[in-house]
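Scroll down for the structure; my scribbles are underneath it.
The values are calculated or read from the model by the stated rules, or taken from the named source; none is laboratory data. Computed from a predicted structure; not experimentally measured. Positions of Cβ are generated from backbone atoms using ideal geometry, with glycine treated the same way; all protein chains shown enter the neighbour counts. What goes into the accessible areas is simple: the full protein's heavy atoms, side chains included, and nothing from ligands, DNA or RNA. Shrake-Rupley method; radii C 1.70, N 1.55, O 1.52, S 1.80 Å.
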Amino acid sequence: MKLTLLSPSGVVMEPPRLRLAARRLAELGFEVGIDASALARHQRFAGDDTTRLAAVERVAREAPAVAMAVRGGYGLTRLLPRLPWKRIAASVGQGTRWVGHSDFTALQCGLFATTGAPSWAGPMATDQFGRPEGEGGVDEVTAGCFAEAMRGELEAVGFTTEAGFDGLDKRGLLWGGNLAMLCSLLGTPWFPPAASVKGGILFLEDVNERPFRVERMLLQLLQAGVLGSQRAVLLGHFTNAKPVPADRGHRLRHAVEHLRAATRVPVLTGLPVGHVPTLVTLPFGRRARLLVEGRQALLGW
């Protein structure tokens, strides 16, 4: 199974991690290729806009079984008006699974908004597969879940959530990703149309955002009519969402409590997605079912 690593966003600061990730992915049974410009550098980006655009076009033409982002950061927003959406969708039709999270949410949303083609929210090369053993190495759950998803063997993931949702049973389109990226796309042609995601199951995560900023972005989605139209909202990890003295005790749990008080849509926590070593791989743009028994949730598709 051919897997190609590409860098459509931020610069790769430590090239050895990319080589380590490629070796580990090969050990999982993938035939790994690294795009020619994966290590390009221009300011904070993995090459200038033309270079990164060409990388996406090149991989879309190649249509490997898996196209995995090397890392996130920032950069895809610059490319949205020029990305070859039909070409990317054609590669999906040929069997390519585009995988990533964080900044990659922009490509996933834009692809679904413009063509309806699905993708996969999952690990990235240097973040999850390029960590040295001294920093924890590769998480077994992350690696196993990813490999099964790419082989078409994964049909559901389970997680533990808070009490109060026993008996919940919801069906809808599974979509979402990085909270800041979703908010940045509101009002643009690359945010999924309301009709296509109405009655969906929305998953969210983020990193390095203080609790009040997370709350503000959640309320932006709510006030824009997005959250209220969902069957359920699943919150993953909000890594480094640390309050500072000026927050005066306002923490992430208070943001979640405020959101729950403002909507009737079930808001569950505990989904293993985000900027963490252990994360699951989820389809973006496929029908799914959420079941909760006690505190155990099952998300299947």
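Odds and ends about this structure:
- From the list ARG58, ARG78, ARG87, ARG71, the lone residue that is closer than 25 Å to GLU205 by Cα and more than 17 Å from the chain's Cα centre (by Cα) is ARG78.
- Residue, surrounded by the fewest Cβ atoms within 10 Å (Cβ to Cβ), within the range 44-59, restricted to residues that are in contact with a Leu (Cβ under 7 Å, 6 or more places away or on another chain) and more than 9 Å from SER7 (Cα to Cα): ASP49
- Hits in the range 209-239 - residues which are touching a Lys or Arg at 6+ places or on another chain (Cβ under 9 Å) and either hydroxyl-bearing (Ser, Thr, Tyr) or on the phi > 0 side of the Ramachandran plot (or both): SER229
Residue-by-condition table, conditions (1) in contact with a His (Cβ under 6 Å, 6 or more places away or on another chain); (2) in contact (Cβ under 8 Å) with a residue 12 or more places away in the chain:
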site: MET217; (1), (2): no, yes
site: THR239; (1), (2): yes, yes
site: ARG248; (1), (2): no, no
site: ALA255; (1), (2): no, yes
site: ALA288; (1), (2): no, yes
site: LEU298; (1), (2): no, yes
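- Any hit, the range 96-112, residues being over 30 Å from GLU209 (Cα atoms), part of a helix (DSSP H, G or I), in contact (Cβ under 8 Å) with a residue 40 or more places away in the chain and in contact with a strand residue (DSSP E or B) (Cβ under 6 Å, 6 or more places away or on another chain): no
- Just so you know, in the range 60-88 the residues that are assigned to a helix (DSSP H, G or I) and within 21 Å of ASN178 (Cβ to Cβ) include one that is most open to solvent (accessible area, probe 1.4 Å), and it is ARG78.
- Residue match in the range 32-42 (condition: under 21 Å from the mean Cα position of the chain (by Cα), closer than 30 Å to LEU202 by Cβ and buried (at least 17 other Cβ atoms within 10 Å of the Cβ)): no
- The set of residues from the range 249-301 being under 19 Å from GLY164 (Cα atoms), open to solvent by 50 Å² or more (accessible area, probe 1.4 Å) and not in a helix (DSSP H, G or I) comprises ARG264, ARG289, LEU291, GLU293, ARG295, GLN296, LEU298.
- Restricting attention to the range 113-147, the residues that are open to solvent by 20 Å² or more (accessible area, probe 1.4 Å), touching a residue at least 60 places away in the same chain (Cβ under 8 Å), out of contact with any Phe, Trp or Tyr (no Cβ under 8 Å at 6 or more places or on another chain) and part of a helix (DSSP H, G or I) add up to 2.
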